[in-house]
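These notes concern the structure reproduced below.
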Amino acid sequence: MYRIRTAGYSKTDQALRWALPDRVFFACGACHILAYAFLERHGRPGQEALWIRPVPGHTGNHIVVAAETWVFDYHGYADRDAYLAHTWRRARMAWPGWDATLIALPRDILVSEEKSMGFAGLRLREPSQFLHDALPRARRFLDRFSGPGAAQCCPGYAASSTNGYGPSKLST
């Protein structure tokens, strides 16, 4: 769970939003664009865009790419079970009683505001609805990561030493 700490930040200030560092930009408001770019480049059967949808009355929407044993978001790759446990734990620290459901999303809705609104509670910006087209930025950001090879797909894998998610207890 990522909370912006940038002084004076407002989602409505498109220039300030665009000026955020890539990781923050793709953590808070453009995660769906990153998920789309990932699936466009590396998508395989068994991978899906997964919406972490908070229960009514709570905040903290996020979209990741998920496979059976791993997830990918602005951190890079992480063990799926550990990532989800960490997300729930951190959100509940910020918002007592926080809970969410996991909803698989079709790839095409990730870049269509109109199609995304077909999911109750979801309204995603299209890449061109940012100050500049966010899709090329997402594609460049993906260059920092390898594709999902055998190592990432194995339980317990943590591709980035900075992602904060080690192996889950279930996978070791």
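The values are calculated or read from the model by the stated rules, or taken from the named source; none is laboratory data. None of these values were measured; they are calculated from a predicted model. Methodologically, a virtual Cβ is constructed for each residue, glycine included, from the backbone with ideal geometry; neighbour enumeration extends over all protein chains shown. Areas reflect the complete protein model, heavy atoms only, side chains present, ligands, DNA and RNA absent. Shrake-Rupley method; radii C 1.70, N 1.55, O 1.52, S 1.80 Å.
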**Study point:** trypsin sites (Lys or Arg not before Pro), loop per DSSP, at most 12 other Cβ atoms within 10 Å - longest free stretch of the chain
**Key:** 12-122
Revision key, fill the gap. Taking a probe of 1.4 Å and leaving out DNA, RNA and ligands, the chain shows per residue an accessible area in Å² of 50
Check your understanding: What length, rounded to one decimal in nm, is gained on full extension from S128 through to W95, with 0.36 nm per residue of separation minus their alpha-carbon distance?
Key -> 8.7 nm
Point to revise | Dipole magnitude (debye, nearest 20) for the chain, charges at Cβ of Lys, Arg, Asp, Glu | key: 400
**Study point:** MRE, 222 nm, helices only [DSSP H, n ≥ 4, -39500 (n - 2.57), over the chain, to nearest 500]
**Key:** -8500 deg cm²/dmol
Revision key, fill the gap. On the accessible surface of the chain, probed at 1.4 Å with all protein chains in place, carbon and sulfur together account for a percent value of 52
